[in-house]
Amino acid sequence: MNADQYSVAVPFYDLWHEDGHVPEIRRLLPPLLSGVRRSVMEIGAGTGLITELIAWETPAEIYAVEPSLGMRSVLVSRLAERPGLLSRVTVLPCSALDVDVDEPVEAVVMISVLYGLRPEDRQALWPVLARQLEPGGLLVFNWRPWTPPAPGPLEVMGSYQVGRHLYEIQGQALAVEGEMVRYRFLYQVKQHGVVISEDEVISESHRPGRRALDTELDAAGFVEDTAPDGLLAWRRQK
């Protein structure tokens, strides 16, 4: 998605993600961050669902990297409701490839970002993150093996009642080429079964295999660490 496409998804974002990967991440991530005390960088902070989790589980300063204005707006509003976080979270309005902070951080967390990166951007990202991490610093992101979907008709992926309106997300795979899947999404708001708002987004997802990830991260100076199923953990070589 580009920045405008992310803005289309903003009203649906928390509804869909709370119904998706976020509960699992709340369970899996905290043990990996148990030793982090000073600083964490979050790549693709979105509306702040995982930012909050990091803040609950560590006393660290947090750098929340989020290029989308719409997502950042919700994130900052979320922080404003929790005054204790305003002094701990710095929101960086840049892409992951452009991030640069004053001192190396102890950990980098990247949840539901990997699949949105084109292969060339993903390969360029690992050295950038290595530079932001202190020696021995932790890199955590989510990844699972997958079976490529077959192109097919639109299907309802999420449906949520908000007052008298129904917020619904429909999606379909349009094409599959190697690790790339091109998707079509419809974001609809319905009242009494009638669509009163609809936006269409065409986006690409890139699902690298473990062999590709291992090769790229090794070349960037990372060594694999232990992590629960659903997450991968790597450390910058000392």
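The values are calculated or read from the model by the stated rules, or taken from the named source; none is laboratory data. In this text, all values refer to a predicted model and were calculated from it rather than measured experimentally. Positions of Cβ are generated from backbone atoms using ideal geometry, with glycine treated the same way; all protein chains shown enter the neighbour counts. When the accessible area is computed, the model is the full protein with side chains, heavy atoms only, and any ligands, DNA or RNA have been set aside. Shrake-Rupley method; radii C 1.70, N 1.55, O 1.52, S 1.80 Å.
The table that follows gives values for the structure above.
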{"item": "Segments classed as strands (runs of 3 or more DSSP E), wholly inside the range 132-238, with at least 2 members that are among the hydroxyl-bearing types (Ser, Thr, Tyr) and under 28 Å from Leu97 (Cα atoms)", "result": "194-206"}
{"item": "All positions within the range 81-94 that are open to solvent by 40 Å² or more (accessible area, probe 1.4 Å) and either more than 20 Å from Glu57 (Cα to Cα) or at pLDDT below 95 (or both)", "result": "Glu81, Arg82, Pro83, Gly84, Leu86, Ser87, Pro93"}
{"item": "Pairs where the first residue, in the range 147-158, is more than 21 Å from Arg207 (Cα to Cα) and in contact (Cβ under 8 Å) with a residue 12 or more places away in the chain and the second is part of a loop (DSSP other than H, G, I, E, B) and open to solvent by less than 90 Å² (accessible area, probe 1.4 Å), C-beta under 9 Å, 6+ apart", "result": "Gly158/Gly20"}
{"item": "Filtered residue count, the range 3-44, keeping only those that are outside any helix (DSSP H, G or I) and over 13 Å from the mean Cα position of the chain (by Cα)", "result": "9"}
{"item": "Number of the exception - Leu33 against (1) touching a Ser or Thr at 6+ places or on another chain (Cβ under 6 Å); (2) closer than 19 Å to Ser95 by Cβ; (3) open to solvent by less than 20 Å² (accessible area, probe 1.4 Å)", "result": "(2)"}
{"item": "Filtered residue count, the range 162-174, keeping only those that are at negative phi and either loosely packed, with under 11 Cβ neighbours inside 10 Å or modelled with pLDDT under 95 (or both)", "result": "1"}
